[in-house]
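Each remark here refers to the structure printed beneath this line.
The values are calculated or read from the model by the stated rules, or taken from the named source; none is laboratory data. As the structure is a prediction and not an experimental result, all values here were calculated from the model. Every residue, glycine as well, gets a Cβ built from its backbone with ideal geometry; the counts of neighbours run over all protein chains shown.
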Amino acid sequence: MENDIAKTVLHEDVLAIQTIYRQLISSWNEMNGEAYAELFTADGSIVGFDGSHANSRKEIYDHLSGIFADHAPARFVTIIREVRLLSPSVGLLRAVAGMVPRNEKEINPKTNAIQSLVAVKKERHFMIALFQNTPAAFHGREEDAKKLTKELQEQFQKESR
């Protein structure tokens, strides 16, 4: 009985981490910097695709507000690869991501990324402590890059139905 309760709690925590990640991606795709920043702890951090970073909910908001004010950035298409609980109050999510420019239908392979998210439980709810978006360059491994682009394109088509 106790073991079943522990499994249920673990499953609920994994689902909560997946949900907060999906909310993060959704807020990016909706160009909503406020909703995006609110998913982070007060001292949360992001590391962007280009290496830029922001530390604190306010810096994250300011950073994204500038991007969204001047651009209509491509939309993310993501596939969660793993969610792992590192402790009862810390989880790690790993995903792959591609980007589809707005009003287009094809993944831009140059913007494929590996994403990592560290979530911490605060008052029974998970919040993001760190989100990192790293280029999936696969230097010297062109087949791996093509395989990822194909997989992300299939995910985009599935989501577009």
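Some notes on this structure:
- From the options Ala72, Ala95, Ala113, Ala136, residue that is under 20 Å from Asn29 (Cβ atoms), in contact with a Lys or Arg (Cβ under 8 Å, 6 or more places away or on another chain), surrounded by 12 or more Cβ atoms within 10 Å (Cβ to Cβ) and of a type in the set (Gly, Ala, Ser): Ala95
- Qualifying residues in segment 30-45 (those that are closer than 30 Å to Ser160 by Cβ and in contact with a strand residue (DSSP E or B) (Cβ under 6 Å, 6 or more places away or on another chain)) - the one surrounded by the most Cβ atoms within 10 Å (Cβ to Cβ): Phe40
- Scan of segment 101-121 for residues that are without any contact (Cβ under 8 Å) to a residue 40 or more places away in the chain and over 24 Å from Thr19 (Cβ atoms), ordered by number: Pro101, Arg102, Asn103, Glu104, Asn108, Lys110
- Residues in segment 46-63 include at least one that is surrounded by 14 or more Cβ atoms within 10 Å (Cβ to Cβ), within 15 Å of the chain's Cα centre (by Cα), among the β-branched types (Val, Ile, Thr) and not in a helix (DSSP H, G or I).
- Residue list for segment 75-92, restricted to those being closer than 16 Å to Gln157 by Cβ and surrounded by fewer than 16 Cβ atoms within 10 Å (Cβ to Cβ): Ile79
- Test: residue in segment 122-139 that is among the hydroxyl-bearing types (Ser, Thr, Tyr), closer than 24 Å to Gln23 by Cβ and in a strand (DSSP E or B): yes
- Candidates Ala35, Ala16, filtered to the one that is assigned to a helix (DSSP H, G or I), at pLDDT 95 or above and within 20 Å of Ala72 (Cβ to Cβ): Ala35
- Tallying residues that are among the basic types (Lys, Arg) and either assigned to a helix (DSSP H, G or I) or touching a residue at least 40 places away in the same chain (Cβ under 8 Å) (or both) within segment 64-83 yields 1.
- Of note, Ala137 does not satisfy the criterion of being at pLDDT 95 or above and closer than 23 Å to His53 by Cβ.
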